[in-house]
Amino acid sequence: MRLLFREALLSFRRAPVLSSLSITTIAFSLFTIGLFGLVAINLQRALEGLEERVEIVAFIMRGTPAESIAQASQDIAAFPEVQDVGYVSEEQALARARRELVEFRDAYRDLQVNPLPPSLELRLKPGFRDAAHVGVVAERLRGFSFIEDVRYGREWIQRLDHLRNLTGILGLVIGLVFAAVAMVIIGVTIRLTLLQRAREIHIMRLVGATNWFIRGPFLLEGALKGTLGGLLAVALCYGGFLIFRRSAESFNGLLFFEPWQAAVIVAFGTLMGLGGSLLSVGRHLRHMGGRADRRAS
Amino acid sequence: MIRLSHVHKTFPNGAVALRDVSFHVARGEFVFLTGHSGAGKSTLLKLLYAEQRPSSGEVRVSGHVVSGLKGDAIARLRRRLGIIFQDFRLLEDRTAAENVAFALEVTGARKDAIAARASRVLAQVGLASKSRAYPRELSGGEQQRVAMARALVNDPAILLADEPTGNLDERATRGVFQLLRDINAGGTVVVMATHDLDLVRQTEYRTIEMRDGAVVYDSADEASAPGPQ
């Protein structure tokens, strides 16, 4: 085991430029993925904040008996999509209008008759705050005979939906592309190391080293580089995060990765390093075995 | 110890390296493989240490059918063989002692045992004083002795030598050859490919001569066959 580690670490000393290059490329790829992840995390949180406010307003005909409204509220509250239902009476609506719509305060004050209808305000449960569910619930509300009109920010909700889907898809695509690039780079650097040490591997085989004995240090080397790259990426992300936060003070409460998320990035680096070296070592060692057979004596 | 039965070897490019080669090497023998370059000597040795597979026929070493071995079984076979080459094949960035220890490390031997055995075989080949020297600091003859020490460190039953004196001057050749004879005297089978006929003529060892991939002369056959009437 100690020999395994020594061999793996030796490669860092033997090829410092190559080793730092591969660590840097892994770090850079993961840094890009990490940055995207940060944007996604913060965007998701912002969306959640916006979604909190997704609500449906159902205007009630004047003169509807209070019992009917109360009954309907209970029924509506029992919809699987609905989080809560609130009744806003005519007086409350007027009071709110006076409070919030400062420009029209005078107009509302002089009114003899309250022009605002009473309404039910609904908020949907998380997971149902998308255009499709809002539409379904609105349609169901229209079915109540005393409900005059249903309003909700249809376009606004749809746009929110699009934005979220786009972020998800974009994140996935960019993440996968960079992961593939990083794997290829790790594979190439491991292959360069293999070529550099072809003679040594040949001698190892001659003196009776098993395939796993030969592979072991390379796999460990890949895993170590991947881990270091992952750590570097998290550090870079944190640096970028600090710089962005300082230059954009208006963004309050920006989030950084949770410790487990940072650990996932590092683990991802380890896996990429291991995967890249496994692919490269497996293919290359088979190739070297085959080449020996083709060489005429 | 070694038995080849009707071994053929054809390379993928169509070149025929060995044609119907059959012979047997008994325990304790010293055998010269002679012939011009390209006669098939190296290919034959490669079949013995499973670097290549015969196209047909069977190769047996120490009772194992080498031609059927795969993966780690090949590694285990090689640990019971010692192999040396014309170009020594030492690791340039390791000292003589480290090169020898390397062959033990890959077998997973214990560290204290490795150091002790490495210095013992280096003493056996007369290089105890140069154990810390790097290959580039050693003469050709000394480098070949390090390679021999590496080959011997696992106490092999068979030592395969592919032109071991090909890069050495006359004096170094004598030294290395004497060492091979000593190793053989200790009971190890030695198969030595060479085209140094002076060396062959000096001794009474068995000689197998190859030409164009076929065995054209085996001194063992001559000794047992009835002479011309």
For chain A, the longest principal axis of the Cα atoms and the Cα long axis of helix A:2-14 enclose an angle in degrees, to the nearest 10, of 90 degrees
Let me check I've understood the local charge: for B:E204, count other residues with C-beta under 13 angstrom from its C-beta, Lys and Arg +1, Asp and Glu -1. What total comes out?
+1
With a probe of 1.4 Å, find how much accessible area chain B has per residue, and write the answer as a whole number in Å².
46 Å²
Cα-based Debye curve of segment B:80-201 sampled at q = 0.13, 0.18, 0.21, 0.23 Å⁻¹ gives log₁₀ I(q)/I(0) of -0.45, -0.88, -1.20, -1.43
Could you please put B:S129, A:S22, B:S22, B:S219 in sequence from largest to smallest accessible area, using a 1.4 Å probe?
B:S129, B:S22, B:S219, A:S22
Ignoring ligands, DNA and RNA, please state the percent of accessible area on the protein assembly as shown from carbon and sulfur, probe 1.4 Å.
57 percent
Below 8 Å, C-alpha to C-alpha, sequence gap of six or more: please give me the relative contact order for chain B in percent.
29 percent
Work out how much length A:Q196 to A:R245 would gain on full extension: take 0.36 nm times their residue separation and subtract the Cα-Cα distance, in nm to one decimal.
13.2 nm
Within the set of other residues whose C-beta is less than 12 Å from the C-beta of B:M192, count the net charge using Lys and Arg as +1 and Asp and Glu as -1.
-1
1/(1 + (r/R0)^6) with r = Cβ-Cβ of A:I174 and B:D20, R0 = 56 Å, i.e. FRET efficiency to nearest 0.05, evaluates to 0.35
Given an 8 Å cut-off on Cα distances and at least 6 residues of separation, report the relative contact order of segment B:23-141 as a percent.
17 percent
How high is the relative contact order of segment B:42-110, given as a whole-number percent (alpha carbon pairs under 8 Å, six or more residues apart)?
20 percent
Of all C-alpha pairs within chain A, those more than 27 angstrom apart amount in percent to 62 percent
Using alpha carbons only, how many degrees (0 to 90, rounded to 10) separate the axis of helix A:154-196 from the longest principal axis of chain A?
10 degrees
May I ask you to order B:1-9, A:67-75 by the average number of other C-beta atoms within 10 Å around their residues, highest value first?
B:1-9, A:67-75
Rounded to the nearest 100 Å², what's the accessible area chains B and A bury against each other, both chains counted, probe 1.4 Å?
2400 Å²
What does the structure give for B:45-52 when I average, per residue, the other chain Cβ atoms found within 10 Å of the residue Cβ?
3
Across chain B, how many lysine pairs, 8 or more apart or on two chains, come within less than 30 Å at their alpha-carbon atoms?
7
What does DSSP give for chain B in terms of the percent of beta bridges that are antiparallel, rounded to the nearest 5?
50 percent
For the protein assembly as shown, the charge dipole (Cβ of Lys, Arg +1; Cβ of Asp, Glu -1; about the Cα centre) points to a positive end, and the Cα of A:A27, A:A182, B:N154 closest to that extreme belongs to B:N154
Cα-based Debye curve of the protein assembly as shown sampled at q = 0.10, 0.13 Å⁻¹ gives log₁₀ I(q)/I(0) of -0.89, -1.20
Accessible solvent surface per residue of chain A, calculated while the other protein chains remain in place, 1.4 angstrom probe, Å²:
55 Å²
Measure nothing fancy, just the Cα-based angle from helix B:140-152's long axis to the longest principal axis of chain B, in degrees from 0 to 90, nearest 10.
80 degrees
Under 16 Å from the 7 Å Cα→Cβ point of B:E170, by amide nitrogen: which residues of segment B:183-208?
B:196-202
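The values are calculated or read from the model by the stated rules, or taken from the named source; none is laboratory data. Treat the numbers as computed from the prediction; the structure is a model and nothing was measured. Methodologically, a virtual Cβ is constructed for each residue, glycine included, from the backbone with ideal geometry; neighbour enumeration extends over all protein chains shown. All accessible areas refer to the heavy atoms of the entire protein, side chains included, with ligands and DNA or RNA removed. Shrake-Rupley method; radii C 1.70, N 1.55, O 1.52, S 1.80 Å.
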